[in-house]
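Just below is one structure, and these are the notes that go with it.
The values are calculated or read from the model by the stated rules, or taken from the named source; none is laboratory data. The structure presented is a predicted model; accordingly, all values stated were derived computationally and were not measured. Methodologically, a virtual Cβ is constructed for each residue, glycine included, from the backbone with ideal geometry; neighbour enumeration extends over all protein chains shown.
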Amino acid sequence: MSRRSTGRLAGRAILLLAAFSAVFPAFWTALNAFKNRVDIVTPTPLFIFTPTLDNFAYVLGRDSVFDGLFNSLVTSGAAVLIGAVLGLPAAYAIARHPHRWSKDIQFFVLSLRFLPPVAVAIPLMVIWLQLELYDTRLSLIITYTLLTLATVVWLSVPAFARVPKEVEEAARVDGYGPYAIFFLIALPIASRSLIGAVAFAFVLVWNEFLIALMLTTSDAKTLPIVASELTQLGRDVPWGILNASVVLLSIPPLLFIGVLSGMLNSAFKRKSS
Amino acid sequence: MKNKSTLPWVFLTPAMVVLAVLALVPTVCAIVISFEDRELSRPDGNFVGFDNYLALFSDRRFVNAITVSLSWEVITVGFTMLIAVGLGILLFECVSPRTRKILALLFIVPVVLPRVSAAFVWKFAFHPLYGIATYPYKAITGQPLDLLSNPLTALGTVALVDVWQWGLFFSVIVLKLLETLPPQPFEAARLDHARTWEVYTYVALPMLKAPLISLAFVKMIESLRAFDLIYVMTRGGPGISTETLDMYAFSQGFIESGRISYASGMAVLMMIATSLAFTVIWKRAKI
């Protein structure tokens with residue numbers, strides 16, 4: 001028995017260490033974002049210092065960061081919106097009206113999620129250059145729609161499949177048409193999982209880097225690109241500003257973490273039942 | 001459901017048309033470009049057949065990129081799965097369901113972070129002079145430790161960040177998988193005086209073999225997108241020691257020579273590899 005409890009104690013210690021490693025790097029970055037440069041460039045790491053908001057003020061005051069934030073919000077937002085408007089009905093049709101192509105359609109949709117970004121970005125760059133849409137928000141939105149639409153369809157099919165069939169049957173008996181059932185019954189019942197799917201699609205394109213790097217040069221640059229450019233600066237690196245811009249970039253995905261973990265839970269509950 | 005509703009067509013057609021156009025046009029275009037000699041500075045190209053592909057196989061940097069990509073795959077997939085299974089079991093075994101929930105939430109923080117952020121966070125942590133991860137070494141030996149500029153350690157250091165993001169996340173998935181298992185086999189094994197590690201090695205993990213293999217395949221495909229981390233942390237350096245396939249395709253197509261067609265050839269090869277791996281997963285998951 002005592003052997004067992006020592007093992008358990010050791011296991012807990014490892015878990016604690018893992019949890020520390022999961023959170024501490026991000027916490028340290030956030031801390032550094034509130035430091036003056038002299039407090040960052042120290043031989044020993046400093047935990048106690050006079051906090052400053054200069055870094056955030058500088059980052060938010062810079063046109064490039066502000067434009068990047070704007071571009072990220074517009075392109076991610078629009079692509080997610082289009083993905084949801086087209087993808088949710090499509091997912092419902094796949095889940096509720098199966099026919100012989102349903103499996104092939106799901107295979108096709110999911111395979112898109114795994115397409116190497118570099119293989120998409122190179123030809124699209126040529127295409128957008130020829131259409132004179134290169135480095136525009138429009139071309140980035142269209143490209144990102146490929147990602148958001150595929151993701152929304154992929155994650156929403158199981159969400160709609162979990163809506164009890166009996167509820168939809170009852171609605172049909174009450175005289176609801178198929179469209180009314182979708183909008184008034186299925187959509188509200190599945191809404192919690194669907195919000196998770198849409199949030200996941202948003203995080204995916206918000207974090208996207210390679211495609212944005214290849215398809216934009218100045219006007220349509222998104223926040224990850226702007227932040228990565230800051231990290232490549234030369235000798236006198238403004239570390240505080242860098243940390244602040246990384247924090248800014250990471251806030252939106254972290255806001256969704258509760259929704260995403262809820263989605264994870266419901267996805268595995270289905271299997272057990 | 002024997003209704004002749006228009007709904008499936010009305011709902012499915014727009015999404016599928018959009019997806020098909022957005023996916024097939026670039027794919028076909030990538031294949032066409034890879035048979036040409038296009039460059040960024042010249043808009044038109046001539047058909048050159050398999051020249052780009054033939055050139056690739058006598059290109060030492062390409063061979064190097066394949067080696068780096070393969071090592072990257074092995075390191076990141078291997079360690080991610082090890083950590084996922086190890087921590088997943090510990091989560092299942094050692095803590096109460098309440099603590100489990102909190103830890104699970106903390107463990108998905110790294111994977112939700114944008115990769116650019118994760119890359120920067122660790123690049124700074126590994127900074128030889130001011131980094132917090134290299135500080136203990138510096139304090140003890142008095143020497144700075146520069147892992148990212150050493151060709152021997154650079155790839156492993158970047159891989160650490162990838163494993164940090166995915167290993168912790170997958171451990172939560174392994175936990176959820178363990179939670180879905182029926183409790184009877186566990187109890188039976190315990191009654192037979194099986195030790196804890198024996199319960200997992202001989203009972204639990206074999207029961208989860210199929211989902212764990214699928215998970216490893218997903219990670220394999222995900223690992224093909226090493227680009228963001230490598231671009232921010234090392235840019236393929238020092239030298240070409242961390243230059244993966246997508247990094248090399250990018251630098252051929254954009255930074256150095258603008259050889260779009262050549263880069264496209266590499267992209268097509270990557271696409272073929274990914275499609276093969278993906279088809280295997282799909283078949284496994286369904287049968």
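Taken over region A:30-50, the residue count meeting the criterion of being surrounded by 12 or more Cβ atoms within 10 Å (Cβ to Cβ) and touching a Lys or Arg at 6+ places or on another chain (Cβ under 9 Å) is 2.
Specify the residue that is surrounded by the most Cβ atoms within 10 Å (Cβ to Cβ); the eligible residues are those in region B:264-287 that are β-branched (V, I, T) and more than 10 Å from chain A (Cβ to nearest Cβ). The selected residue is B:V280. Against the test of being at pLDDT 85 or above, crowded, with 21+ Cβ neighbours inside 10 Å, over 17 Å from A:P117 (Cα atoms) and within 12 Å of another protein chain (Cβ to nearest Cβ), the options B:M247, B:M233 yield a single qualifying residue, B:M233.
Name the residues in region B:1-45 that are among the aromatic types (F, W, Y), more than 7 Å from chain A (Cβ to nearest Cβ) and assigned to a helix (DSSP H, G or I), would you? Passing the criteria: only B:W9.
Considering (1) surrounded by fewer than 16 Cβ atoms within 10 Å (Cβ to Cβ); (2) facing chain B (nearest Cβ under 9 Å), the lone condition that A:E169 does not fulfil carries the number (2). Here B:L175 does not fit the description of being modelled with pLDDT of 80 or more and within 20 Å of the chain's Cα centre (by Cα).
You will find that of B:V112, B:V121, B:V172, the residue that is within 10 Å of another protein chain (Cβ to nearest Cβ) and either within 28 Å of A:S5 (Cβ to Cβ) or among the small types (G, A, S) (or both) is B:V172 and no other. Can you find a residue in region A:159-176 that is assigned to a helix (DSSP H, G or I), assigned by TED's automatic domain parsing to the domain that holds A:P117 and either in contact with a Gly (Cβ under 7 Å, 6 or more places away or on another chain) or within 29 Å of A:S72 (Cα to Cα) (or both)? Yes, region A:159-176 contains a residue that is assigned to a helix (DSSP H, G or I), assigned by TED's automatic domain parsing to the domain that holds A:P117 and either in contact with a Gly (Cβ under 7 Å, 6 or more places away or on another chain) or within 29 Å of A:S72 (Cα to Cα) (or both). Can you name the residue in region A:219-236 that is in a helix (DSSP H, G or I) and hydroxyl-bearing (S, T, Y) and is also modelled with the lowest pLDDT among such residues? Among residues in region A:219-236 that are in a helix (DSSP H, G or I) and hydroxyl-bearing (S, T, Y), the one modelled with the lowest pLDDT is A:T231. Taking B:P14 as the residue in question, decide whether it is over 19 Å from the mean Cα position of the chain (by Cα), farther than 27 Å from A:Y144 by Cα and without any contact (Cβ under 8 Å) to a residue 24 or more places away in the chain. Against the criterion (over 19 Å from the mean Cα position of the chain (by Cα), farther than 27 Å from A:Y144 by Cα and without any contact (Cβ under 8 Å) to a residue 24 or more places away in the chain), B:P14 does not qualify. Looking for whichever is over 26 Å from B:A226 (Cα atoms) and of a type in the set (A, V, I, L, M) here; the options are A:V85, A:V65, A:V126. Which one fits? Testing whether each residue is over 26 Å from B:A226 (Cα atoms) and of a type in the set (A, V, I, L, M) leaves just A:V85.
The criterion of at least 2 residues that are acidic (D, E) and in contact with a helix residue (DSSP H, G or I) (Cβ under 9 Å, 6 or more places away or on another chain) is met by the following helices (runs of 4 or more DSSP H) wholly inside region B:46-155: B:60-94. In region A:36-46, which residues are farther than 27 Å from B:V111 by Cβ and touching a residue at least 12 places away in the same chain (Cβ under 8 Å)? Listed by number, the residues that qualify are A:N36, A:R37, A:V41.
Every listed requirement among (1) over 30 Å from A:A186 (Cα atoms); (2) modelled with pLDDT of 90 or more is met by B:P14 save one, (1).
One residue stands out among those in region A:114-141 that are more than 9 Å from chain B (Cβ to nearest Cβ) and in a helix (DSSP H, G or I): the one that is surrounded by the fewest Cβ atoms within 10 Å (Cβ to Cβ), which is A:L138. Taken over region B:118-147, residues that are among the aliphatic types (A, V, I, L, M), under 25 Å from B:T67 (Cβ atoms) and crowded, with 20+ Cβ neighbours inside 10 Å amount to 2. Close contacts from region A:7-29, counting a first residue that is over 12 Å from B:I108 (Cα atoms) and a second that is outside any helix (DSSP H, G or I), with Cβ to Cβ under 7 Å and a gap of 6+ residues or different chains, come to A:R12/B:V95; A:L15/B:V95; A:A26/B:L113; A:W28/B:I132.
The residues on offer are B:S261, B:S257, and the sole one that is more than 20 Å from A:S228 (Cβ to Cβ), touching a strand residue (DSSP E or B) at 6+ places or on another chain (Cβ under 9 Å) and within 12 Å of another protein chain (Cβ to nearest Cβ) is B:S261. Within region A:71-88, can one find any residue that is within 7 Å of chain B (Cβ to nearest Cβ) and part of a helix (DSSP H, G or I)? So far as region A:71-88 goes, yes, one or more of its residues are within 7 Å of chain B (Cβ to nearest Cβ) and part of a helix (DSSP H, G or I). Determine, yes or no, whether A:V109 is at pLDDT 80 or above, assigned by TED's automatic domain parsing to the domain that holds A:F209, assigned to a helix (DSSP H, G or I) and surrounded by 20 or more Cβ atoms within 10 Å (Cβ to Cβ). Criteria met by A:V109. Between A:L187, A:L260, the distinction of being more than 9 Å from every other protein chain (Cβ to nearest Cβ) and part of a helix (DSSP H, G or I) belongs to A:L187 only. Look at B:I75 and say whether it is modelled with pLDDT of 90 or more and either of a type in the set (F, W, Y) or buried (at least 19 other Cβ atoms within 10 Å of the Cβ) (or both). Considered against the rule, which asks whether it is modelled with pLDDT of 90 or more and either of a type in the set (F, W, Y) or buried (at least 19 other Cβ atoms within 10 Å of the Cβ) (or both), B:I75 comes out as no.
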